[in-house]
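Report on the structure given below.
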Amino acid sequence: MNIIGIDPGLTGAVAIIGDYGINLIDMPVVAKSTRGKQVDGAALAQIFLEERTRAFVYLEQVGAMPGQGVTSMFNFGHGYGIVQGVLYSLCIPFQLVTPQKWKKHHGLIGKQKDMARTLCIQRHPELSGQLKRKKDIGRADALLIAEYGKSIQ
C-alpha cells in the first residue's frame, strides 16, 4: 500500500511513499480566470488515478490562521476543498491529521518552520536535491505527514 501525505496549500505538495521509493510532487496549480492561482483539481486527480486502489492518504487538517486576510483564507479554504473533493470523487480513503499531531511525532513542536526541511534532508539525503530551497518546505511537510501516517498504519 502506498502512503500519501498532502500539505494542501498552493505552495504545498504531495508525498507518496511506496514500494518503489518516495515521490515528491508540488501541488499542481492553475491560473484563475481573475488574478492569482488555485489548486488544479484535474491535475491532482491525474496524480492519484494510478494510486487510488492501493493508497491511503493523510491530509493535513487546516484552519484559519491569525493575521491572514479574509480573501487569502477564502482562497486557501477553496484549495483545501478541491483536494478533499478529488479524494472523495476517486474514492481514495483519507484521514485528516492536525499539524500539531504530525509535528509532535517528529519532534518539531516549537521549532522553526524550516526544521522540517532539514529533518527530511537528514533522513533522506537522496532527496536533498528536491529539498534544497527554502520554498521546498511544502515538500518536506508532505513527506513528514506521509511518514507520520506510515508509522501509525
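Around the amide H of V97, modelled in the peptide plane, lie the amide H atoms of L59, E60, Q61, all under 5 Å away and 5 or more residues distant in sequence or on another chain. Sorted on the mean count of surrounding Cβ atoms within 10 Å across their residues, most packed first, peptides 136-142, 41-47, 1-7 read 136-142, 1-7, 41-47. Comparing Cα centroids, the stretch 26-48 and the stretch 71-128 end up 17 angstrom apart. For the stretch 2-152, relative contact order (Cα pairs under 8 Å, six or more residues apart, normalised by length) works out to 34 percent.
Couplings for the stretch 138-153, taken from phi via the Karplus curve 6.51 cos²θ - 1.76 cosθ + 1.60 with θ = phi - 60°, read x, 5, 5, 4, 4, 5, 5, 5, 5, 5, 4, x, 5, 6, 9, 5 Hz in order; Gly and Pro are left as x. Among beta bridges identified by DSSP and lying wholly in the stretch 2-152, the antiparallel ones come to about 60 percent. In order along the stretch 23-40, the Karplus-derived 3J(HN,Hα) couplings, from 6.51 cos²θ - 1.76 cosθ + 1.60 at θ = phi - 60°, round to 10, 10, 10, 5, 4, x, 10, 9, 5, 7, 5, 8, 10, x, 10, 8, 4, 8 Hz, and Gly and Pro are given as x.
When restricted to Cα atoms, the chain yields an Rg and a Dmax of 14.8, 42 Å, respectively.
Values quoted throughout were computed directly from the atomic coordinates according to the rules given, and no laboratory measurement underlies them. On a predicted model such as this, the values are computed, not experimentally measured, just so you know. Note that each Cβ is placed from the backbone with ideal geometry, even for glycine, and that neighbours are counted across all protein chains shown.
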